[in-house]
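Before any comments, here is the structure.
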Amino acid sequence: MPTSTTGVVELLEQELTLLSRHQLSSAHHNPDLVLDRSAYQLLGRLELEPLSLKQLAELFRLDVSTVNRQIASLRRKGLVERIADPAGGVAQLLRPTRKGLSQLRADRSTRNRQIGQVLEDWHPDEIDHLHQVLEKFNLSIESLEGQAWPRP
């Protein structure tokens, strides 16, 4: 990295830290959001396709036991269910239940509304530019990790 960008990278790190704090803070203080961050992310990924516990752990770069605890909580709440692997594999797959999808979509709608409120005074070109830059940033991370994240 060229030394001329070092200061900007430090500023970006500060802004990304603040963004993370704002996201976590708004999630904890909004009674309309039911799912915690891990539940929201797991359900969002399972919405795209059923996956095994091991696959989820690999995708999220977490220990299987950690993901197992998170999934167990989602199963107790009736948000995720186990299904047989349609390809005949030994491992069972996980998928959201109707209740899980309904809650995921309700929380997503609330989050989208919150983002819309933040961007209310922005020009549409600024919003589009923000999307493009965030997408490029995420794609660069995925490229470095060698693991693309599917997008709907």
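Please give the helix 64-76 orientation as an angle from the longest Cα principal axis of the chain, in degrees from 0 to 90, rounded to the nearest 10.
70
Cut-off 10 angstrom, C-alpha nodes, Gaussian network model of the chain. Which of LEU74, LEU35, LEU48 fluctuates the most?
For the chain, modelled as a Gaussian network with Cα springs under 10 Å, the answer is LEU48.
Using 0.36 nm per residue, how much length does the chain from VAL64 to GLU15 gain when fully extended, once their Cα-Cα distance is taken away?
Residue separation times 0.36 nm, minus the Cα-Cα distance, leaves 14.5 nm.
With the cut-off at 1.5 for a/c, could you classify region 69-152 from its C-alpha gyration tensor as rounded, prolate or oblate? Before the final figure, lay out the partial values.
Working: a/c = 3.33, a/b = 1.58, b/c = 2.11.
The shape class here is oblate.
Hey, what D do you get for region 45-117 in µm²/s if you plug the Kirkwood alpha-carbon radius into Stokes-Einstein at 37 °C and 0.692 mPa s? Show your work: numbers first, answer last.
Details: Rh = 13.2 Å.
Approximately 249 µm²/s, per Stokes-Einstein.
Name the residue, out of ALA87, ALA57, ALA72, whose mean-square fluctuation peaks in a Gaussian network model built on the chain with Cα pairs under 10 Å.
ALA87
Hey, any idea what the orientation-averaged projected area of the convex hull of region 3-145's Cα atoms comes to, in nm²?
Numbers: hull surface 45.1 nm².
Taking the Cα atoms of region 3-145, their convex hull projects to 11.3 nm² on average.
With the dipole of region 3-145 worked out from charges on the C-beta (+1 for Lys and Arg, -1 for Asp and Glu) around the Cα centre, which of ASN30, LEU42, PRO86 lies farthest toward the positive end?
PRO86
Taking the 0 to 90 degree range and rounding to the nearest ten, how far is the long axis of helix 124-145 tilted relative to the main principal axis of the chain, both from C-alpha atoms?
60
Pull up the cross-link candidates among the lysines for LYS136, meaning alpha carbon to alpha carbon under 29 Å and not fewer than 8 places away within one chain.
Answer for LYS136, where 29 Å is the Cα cut-off: LYS54, listed by chain and number.
Would you list, by chain and number, the aspartates and glutamates whose Cα falls below 20 Å from the Cα of LYS99, excluding same-chain residues fewer than 8 positions away?
LYS99 reaches ASP32, ASP36, GLU47, GLU49, GLU81, ASP107.
Calculate how steeply helix 98-118 sits against the longest principal axis of the alpha-carbon atoms of the chain, using the helix alpha-carbon long axis, and give the answer as 0 to 90 degrees to the nearest 10.
It is inclined by approximately 10 degrees.
Any read-out appearing in this document is the output of simple, stated calculations on the displayed coordinates, not a laboratory observation. Note that the structure is predicted; figures quoted are calculated from it, not measured. Glycine also receives a Cβ, built like all others from the backbone with ideal geometry; neighbour counts cover every protein chain displayed.
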